[in-house]
Amino acid sequence: AQRVTQPEKLLSVFKGAPVELKCNYSYSGSPELFWYVQYSRQRLQLLLRHISRESIKGFTADLNKGETSFHLKKPFAQEEDSAMYYCALKGHNNNDMRFGAGTRLTVKP
Amino acid sequence: GAGVSQTPSNKVTEKGKYVELRCDPISGHTALYWYRQSLGQGPEFLIYFQGTGAADDSGLPNDRFFAVRPEGSVSTLKIQRTERGDSAVYLCASGRASTDTQYFGPGTRLTVL
(Lines give C-alpha, C1' and ligand atoms only; values in the text may rest on other atoms or scores of the structure.)
Protein backbone atom coordinates (compact mmCIF):
# COMPACT_ATOMS: atom_id res chain seq x y z
CA ALA A 1 0.00 0.00 0.00
CA GLN A 2 1.10 3.56 -0.67
CA ARG A 3 1.40 5.80 2.33
CA VAL A 4 2.99 9.19 2.94
CA THR A 5 3.71 10.45 6.43
CA GLN A 6 4.55 14.00 7.36
CA PRO A 7 5.20 13.83 11.09
CA GLU A 8 5.05 17.57 11.75
CA LYS A 9 1.76 19.40 11.32
CA LEU A 10 3.38 22.70 12.28
CA LEU A 11 6.94 23.95 11.92
CA SER A 12 8.18 27.37 12.90
CA VAL A 13 11.65 28.80 12.24
CA PHE A 14 13.25 32.22 12.20
CA LYS A 15 14.24 33.96 8.98
CA GLY A 16 17.71 32.88 7.89
CA ALA A 17 17.60 29.61 9.82
CA PRO A 18 17.80 26.24 8.07
CA VAL A 19 14.56 24.37 7.62
CA GLU A 20 13.79 20.70 7.02
CA LEU A 21 10.31 19.37 6.41
CA LYS A 22 10.14 15.63 6.92
CA CYS A 23 8.46 13.13 4.66
CA ASN A 24 8.50 9.36 4.96
CA TYR A 25 6.80 6.97 2.61
CA SER A 26 5.92 3.35 2.19
CA TYR A 27 5.68 1.78 -1.24
CA SER A 28 6.80 -1.58 -2.49
CA GLY A 29 7.88 -0.50 -5.98
CA SER A 30 9.70 2.47 -7.49
CA PRO A 31 7.89 5.61 -6.45
CA GLU A 32 7.90 9.10 -7.81
CA LEU A 33 8.08 11.65 -5.01
CA PHE A 34 6.91 15.24 -5.12
CA TRP A 35 6.66 18.30 -2.91
CA TYR A 36 3.66 20.57 -3.43
CA VAL A 37 3.22 23.98 -1.81
CA GLN A 38 0.16 26.09 -1.11
CA TYR A 39 0.75 29.74 -0.27
CA SER A 40 -1.97 31.71 1.48
CA ARG A 41 -5.02 32.19 -0.74
CA GLN A 42 -3.32 30.46 -3.67
CA ARG A 43 -3.84 27.11 -5.28
CA LEU A 44 -1.75 24.03 -4.74
CA GLN A 45 1.33 24.03 -6.98
CA LEU A 46 4.25 21.74 -7.64
CA LEU A 47 7.46 22.77 -5.89
CA LEU A 48 9.75 19.98 -7.02
CA ARG A 49 9.86 16.33 -8.02
CA HIS A 50 12.66 13.94 -7.25
CA ILE A 51 13.31 12.86 -10.83
CA SER A 52 14.16 16.44 -11.79
CA ARG A 53 16.88 16.67 -9.16
CA GLU A 54 16.64 20.46 -9.22
CA SER A 55 16.53 23.24 -6.67
CA ILE A 56 13.46 25.43 -6.68
CA LYS A 57 13.35 28.65 -4.62
CA GLY A 58 16.39 27.35 -2.77
CA PHE A 59 14.65 24.13 -1.74
CA THR A 60 16.09 20.69 -2.40
CA ALA A 61 14.90 17.20 -1.60
CA ASP A 62 16.79 13.94 -1.90
CA LEU A 63 15.11 10.59 -2.22
CA ASN A 64 16.61 8.18 0.31
CA LYS A 65 15.36 4.73 -0.59
CA GLY A 66 17.11 3.11 2.36
CA GLU A 67 15.29 5.32 4.86
CA THR A 68 12.22 5.70 2.60
CA SER A 69 12.39 9.45 3.07
CA PHE A 70 12.12 12.53 0.89
CA HIS A 71 12.80 15.41 3.26
CA LEU A 72 12.59 18.97 1.96
CA LYS A 73 15.43 21.29 2.94
CA LYS A 74 16.43 24.90 2.61
CA PRO A 75 19.57 26.32 4.19
CA PHE A 76 18.24 29.83 4.83
CA ALA A 77 14.48 30.21 5.25
CA GLN A 78 12.73 33.37 4.05
CA GLU A 79 9.46 34.87 5.29
CA GLU A 80 7.88 34.25 1.87
CA ASP A 81 8.46 30.52 2.38
CA SER A 82 5.64 30.48 4.91
CA ALA A 83 3.05 28.13 3.43
CA MET A 84 1.51 24.68 3.61
CA TYR A 85 3.76 21.96 2.21
CA TYR A 86 2.57 18.56 1.05
CA CYS A 87 4.71 15.56 0.22
CA ALA A 88 3.18 13.25 -2.40
CA LEU A 89 3.92 9.85 -3.90
CA LYS A 90 2.91 8.32 -7.19
CA GLY A 91 3.52 4.72 -8.04
CA HIS A 92 5.46 4.03 -11.18
CA ASN A 93 2.61 2.36 -13.00
CA ASN A 94 -0.44 4.01 -11.57
CA ASN A 95 -2.16 7.34 -11.42
CA ASP A 96 -3.06 7.41 -7.76
CA MET A 97 -1.17 10.36 -6.26
CA ARG A 98 -1.03 9.88 -2.50
CA PHE A 99 -0.52 13.02 -0.39
CA GLY A 100 0.67 13.44 3.16
CA ALA A 101 -1.38 15.46 5.63
CA GLY A 102 0.85 18.48 5.14
CA THR A 103 3.16 20.66 7.26
CA ARG A 104 2.43 24.30 7.86
CA LEU A 105 5.71 26.20 7.80
CA THR A 106 5.90 29.61 9.44
CA VAL A 107 9.05 31.68 9.00
CA LYS A 108 9.22 34.41 11.62
CA PRO A 109 11.04 37.71 11.03
CA GLY B 1 -2.65 31.38 -20.23
CA ALA B 2 -5.67 30.47 -18.17
CA GLY B 3 -5.19 27.88 -15.48
CA VAL B 4 -7.57 25.20 -14.29
CA SER B 5 -10.88 26.68 -13.22
CA GLN B 6 -13.57 25.18 -11.02
CA THR B 7 -17.14 26.23 -10.44
CA PRO B 8 -18.76 26.98 -8.15
CA SER B 9 -16.14 28.14 -5.68
CA ASN B 10 -18.51 27.37 -2.83
CA LYS B 11 -21.55 25.11 -2.67
CA VAL B 12 -23.84 24.69 0.31
CA THR B 13 -26.44 21.97 0.10
CA GLU B 14 -28.69 19.93 2.33
CA LYS B 15 -28.21 16.31 3.23
CA GLY B 16 -29.75 14.06 0.61
CA LYS B 17 -29.48 16.52 -2.27
CA TYR B 18 -27.64 16.03 -5.56
CA VAL B 19 -24.70 18.26 -6.52
CA GLU B 20 -22.54 18.77 -9.59
CA LEU B 21 -19.07 20.27 -9.48
CA ARG B 22 -17.42 21.48 -12.66
CA CYS B 23 -13.79 21.53 -13.76
CA ASP B 24 -12.37 23.33 -16.78
CA PRO B 25 -8.85 22.03 -17.39
CA ILE B 26 -6.04 23.83 -19.16
CA SER B 27 -6.65 23.71 -22.90
CA GLY B 28 -4.98 20.73 -24.52
CA HIS B 29 -4.45 18.80 -21.30
CA THR B 30 -5.62 15.23 -21.77
CA ALA B 31 -5.09 14.08 -18.19
CA LEU B 32 -7.61 15.22 -15.58
CA TYR B 33 -7.81 14.31 -11.91
CA TRP B 34 -10.30 14.84 -9.11
CA TYR B 35 -9.23 14.94 -5.47
CA ARG B 36 -11.07 15.52 -2.20
CA GLN B 37 -9.44 17.39 0.67
CA SER B 38 -10.96 17.19 4.12
CA LEU B 39 -10.01 19.62 6.86
CA GLY B 40 -6.49 19.03 8.13
CA GLN B 41 -5.70 16.42 5.51
CA GLY B 42 -3.88 16.30 2.21
CA PRO B 43 -5.73 15.82 -1.07
CA GLU B 44 -7.19 12.34 -1.54
CA PHE B 45 -7.29 10.89 -5.07
CA LEU B 46 -10.75 10.18 -6.45
CA ILE B 47 -10.57 9.59 -10.21
CA TYR B 48 -8.31 10.05 -13.23
CA PHE B 49 -9.39 10.67 -16.82
CA GLN B 50 -7.24 10.20 -19.88
CA GLY B 51 -9.22 11.89 -22.61
CA THR B 52 -12.88 11.02 -22.31
CA GLY B 53 -12.47 7.80 -20.38
CA ALA B 54 -12.07 7.23 -16.67
CA ALA B 55 -8.75 5.38 -16.63
CA ASP B 56 -8.72 4.95 -12.86
CA ASP B 57 -11.73 5.45 -10.58
CA SER B 58 -10.33 3.47 -7.68
CA GLY B 59 -10.53 6.45 -5.33
CA LEU B 60 -14.26 7.05 -5.58
CA PRO B 61 -15.55 6.25 -2.08
CA ASN B 62 -18.86 4.68 -3.12
CA ASP B 63 -21.44 4.59 -5.88
CA ARG B 64 -22.91 7.96 -4.88
CA PHE B 65 -19.92 9.53 -6.58
CA PHE B 66 -19.64 9.66 -10.35
CA ALA B 67 -17.64 11.77 -12.80
CA VAL B 68 -17.83 12.35 -16.54
CA ARG B 69 -15.74 14.02 -19.20
CA PRO B 70 -17.80 13.51 -22.35
CA GLU B 71 -15.73 15.57 -24.79
CA GLY B 72 -12.33 15.13 -23.23
CA SER B 73 -12.22 18.64 -21.84
CA VAL B 74 -14.64 19.83 -19.13
CA SER B 75 -15.35 17.34 -16.37
CA THR B 76 -18.23 17.16 -13.91
CA LEU B 77 -18.10 15.40 -10.56
CA LYS B 78 -21.56 14.31 -9.48
CA ILE B 79 -22.55 13.39 -5.94
CA GLN B 80 -25.93 11.84 -5.24
CA ARG B 81 -27.73 11.77 -1.91
CA THR B 82 -25.11 13.94 -0.26
CA GLU B 83 -24.08 13.21 3.30
CA ARG B 84 -22.52 15.51 5.90
CA GLY B 85 -19.29 13.52 5.56
CA ASP B 86 -19.02 14.63 1.94
CA SER B 87 -18.21 18.15 3.12
CA ALA B 88 -14.72 18.95 1.85
CA VAL B 89 -12.81 20.91 -0.76
CA TYR B 90 -12.94 19.16 -4.11
CA LEU B 91 -9.87 19.79 -6.23
CA CYS B 92 -9.38 19.26 -9.92
CA ALA B 93 -6.00 19.02 -11.63
CA SER B 94 -4.95 18.61 -15.25
CA GLY B 95 -1.77 17.70 -17.10
CA ARG B 96 -0.49 17.10 -20.62
CA ALA B 97 -0.12 13.42 -19.79
CA SER B 98 -0.28 11.16 -16.78
CA THR B 99 3.47 11.57 -16.33
CA ASP B 100 3.29 15.36 -16.54
CA THR B 101 3.08 17.89 -13.74
CA GLN B 102 -0.44 18.25 -12.38
CA TYR B 103 -1.81 21.79 -12.37
CA PHE B 104 -4.44 22.34 -9.71
CA GLY B 105 -7.57 24.42 -9.74
CA PRO B 106 -8.70 26.59 -6.82
CA GLY B 107 -11.15 23.97 -5.60
CA THR B 108 -14.84 23.90 -4.77
CA ARG B 109 -15.72 24.00 -1.09
CA LEU B 110 -18.75 21.76 -0.56
CA THR B 111 -20.71 22.05 2.66
CA VAL B 112 -23.48 19.57 3.37
CA LEU B 113 -25.81 20.71 6.12
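Would you be so kind as to list the residues of segment B:39-75 that have their accessible area lowered by at least 40 Å² in the full protein complex compared with their chain by itself (1.4 Å probe)?
When all protein chains are present, B:43, B:45 each give up 40 Å² or more of accessible surface.
Accessible area of segment A:59-109 with a 1.4 Å probe: how many percent of it is carbon plus sulfur? Don't skip to the end; give the middle numbers.
Values: 1060 of 2280 Å².
Here carbon and sulfur together make up 47 percent of the probe-accessible area.
Over every pair of different alpha-carbon atoms in chain A, take the mean of 1/r and invert it; report that Kirkwood radius in Å.
Details: mean 1/r = 0.0717 Å⁻¹.
Answer for chain A: a Kirkwood hydrodynamic radius of 13.9 Å.
At q = 0.13, 0.14, 0.20, 0.23 Å⁻¹, what is the log10 ratio I(q)/I(0) for chain B, with the Debye formula run over Cα points and no solvent?
Summing over Cα pairs of chain B leads to -0.43, -0.50, -1.02, -1.33.
Cα-Cα pairs above 29 Å in the protein assembly as shown: how many percent? Don't jump to the answer; show the numbers that get you there.
Working: 6662 of 24531 pairs.
Summing the P(r) tail past 29 Å for the protein assembly as shown gives 27 percent.
Report D for segment B:1-57 in µm² per second (integer): Stokes-Einstein, Kirkwood Rh on Cα pairs, 25 °C, 0.890 mPa s. Kindly include the intermediate steps, with their values, before the conclusion.
Working: Rh = 13.3 Å.
For the chosen part, D equals 185 µm²/s.
If Lys and Arg each add +1 and Asp and Glu each add -1, what is the summed charge of the other residues whose beta carbon sits under 13 Å from the beta carbon of residue B:79?
Details: positive: B:11, B:15, B:17, B:22, B:36, B:64, B:78, B:81, B:84; negative: B:14, B:20, B:63, B:83, B:86.
For residues surrounding residue B:79, the net value is +4.
What does the charge dipole of chain A about its Cα centre add up to, to the nearest 20 debye, if the Cβ of each Lys and Arg holds +1 and the Cβ of each Asp and Glu holds -1?
Numbers: 16 positive and 10 negative charges, 38 e Å.
Around 180 debye, computed over chain A.
Please compute the contact order of chain B in relative form: average sequence separation of alpha-carbon pairs under 8 Å and at least six residues apart, divided by the residue count, as a percent. Could the numbers behind the result be given before it?
Values: 293 pairs, mean separation 41.6, N = 113.
Averaging sequence separation for qualifying contacts and normalising by length gives 37 percent for chain B.
For chain A, with every protein chain kept in place, what is the accessible area per residue (1.4 Å probe, Å²)?
Numbers: 5630 Å² over 109 residues.
The answer is 52 Å² per residue.
Please name which of A:83, A:25, A:69 has its Cα lying farthest along the dipole of segment A:3-108 towards the positive end, using unit charges on Cβ (Lys, Arg +1; Asp, Glu -1) and the Cα centre as origin.
Looking along the dipole axis, the top candidate is A:83.
What is the distance in Å between the Cα centres of segment B:39-113 and segment A:1-52?
If you average the Cα positions of each part, the centres end up 22 Å apart.
Principal axis extents for segment B:55-113, Cα atoms only, whole Å, descending order, please.
Cα spread of segment B:55-113 along its principal axes, largest to smallest: 37, 22, 20 Å.
For segment B:5-108, what is the charge dipole size about the Cα centre, in debye to the nearest 20, if Lys and Arg each add +1 at the Cβ and Asp and Glu each add -1 at the Cβ?
280
With a 1.4 Å probe, what is the total accessible area buried between chains A and B, in Å² rounded to the nearest 100? Kindly include the intermediate steps, with their values, before the conclusion.
On the way: alone 6360 and 5990 Å², together 10930 Å².
For A against B, buried area totals roughly 1400 Å².
The values are calculated or read from the model by the stated rules, or taken from the named source; none is laboratory data. From a predicted model like this one, the values you see are computed outputs, not experimental measurements. Positions of Cβ are generated from backbone atoms using ideal geometry, with glycine treated the same way; all protein chains shown enter the neighbour counts. Heavy atoms of the whole protein, side chains included, go into the accessibility calculation; ligands, DNA and RNA do not. Shrake-Rupley method; radii C 1.70, N 1.55, O 1.52, S 1.80 Å.
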